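Reading through the structure tokens given below for one structure.
The values are calculated or read from the model by the stated rules, or taken from the named source; none is laboratory data. It should be emphasised that the depicted structure is a prediction, and the values quoted were computed from it without experimental measurement. Positions of Cβ are generated from backbone atoms using ideal geometry, with glycine treated the same way; all protein chains shown enter the neighbour counts. Ligands, DNA and RNA are stripped out before the accessible areas are found, and what is left, the full protein with its side chains, is counted by its heavy atoms. Shrake-Rupley method; radii C 1.70, N 1.55, O 1.52, S 1.80 Å.
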Amino acid sequence: VQLVESGGGLVQAGGSLRLSCVASGRTSISYAMGWFRQAPGKEREFVAAISWNGGITYYADSVKGRFTVSRDNAKNTVYLQMNSLKPEDTAVYYCATRGPIATRNPADYGSWGQGTQVTVSS
């Protein structure tokens, strides 16, 4: 499975961005998707995850209430809507996929995208 993220960019604090992650190759709708991020000098951290049918979602406490993960299986695409962005949200954002059950642990995910940069200015 190949994953390609898009939608990153530079935005002022308080602004919004929507990231997309398109899956191609040997895809199946029976996969969960996770969003993770990594800031310079920091470890990769969990942001959000969604189960294969969208019925279960998880969020990191730091983004809960501001970010929303969703998916369109007809388009093999998962989205991360990011509102009320803060400078501390600045990072490279990655999507990753695994089996049907969503988890928060990046080690559970086998396929990763190349990442998209999100920069939030104060």
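Looking at Val22, Val63, Val78, Val47, just one residue is of a type outside the set (Lys, Arg) and touching a Cys at 6+ places or on another chain (Cβ under 8 Å), and that residue is Val78.
Among the residues of the stretch 1-30, those identified as of a type in the set (Ser, Thr, Tyr) and either over 26 Å from Gly65 (Cβ atoms) or more than 16 Å from the chain's Cα centre (by Cα) (or both) are Ser24, Thr27, Ser28, Ser30. Scanning the stretch 21-49 for residues that are in contact with a Lys or Arg (Cβ under 6 Å, 6 or more places away or on another chain) and within 11 Å of Cys95 (Cα to Cα), we see that the one that is most open to solvent (accessible area, probe 1.4 Å) is Phe46.
Within the stretch 33-57, being assigned to a loop (DSSP other than H, G, I, E, B) and acidic (Asp, Glu) holds for one residue alone: Glu43. None of Ala107, Ala74, Ala96, Ala102 is closer than 19 Å to Gly25 by Cβ and not in a strand (DSSP E or B) except Ala74.
Checking Gln114 against (1) part of a loop (DSSP other than H, G, I, E, B); (2) touching a Lys or Arg at 6+ places or on another chain (Cβ under 8 Å); (3) open to solvent by 50 Å² or more (accessible area, probe 1.4 Å), which single condition isn't satisfied? With (1) part of a loop (DSSP other than H, G, I, E, B); (2) touching a Lys or Arg at 6+ places or on another chain (Cβ under 8 Å); (3) open to solvent by 50 Å² or more (accessible area, probe 1.4 Å) applied to Gln114, the lone miss is (2).
Considering the stretch 90-107, and only residues there that are over 15 Å from the mean Cα position of the chain (by Cα) and not small (Gly, Ala, Ser), the residue that is most open to solvent (accessible area, probe 1.4 Å) turns out to be Ile101.
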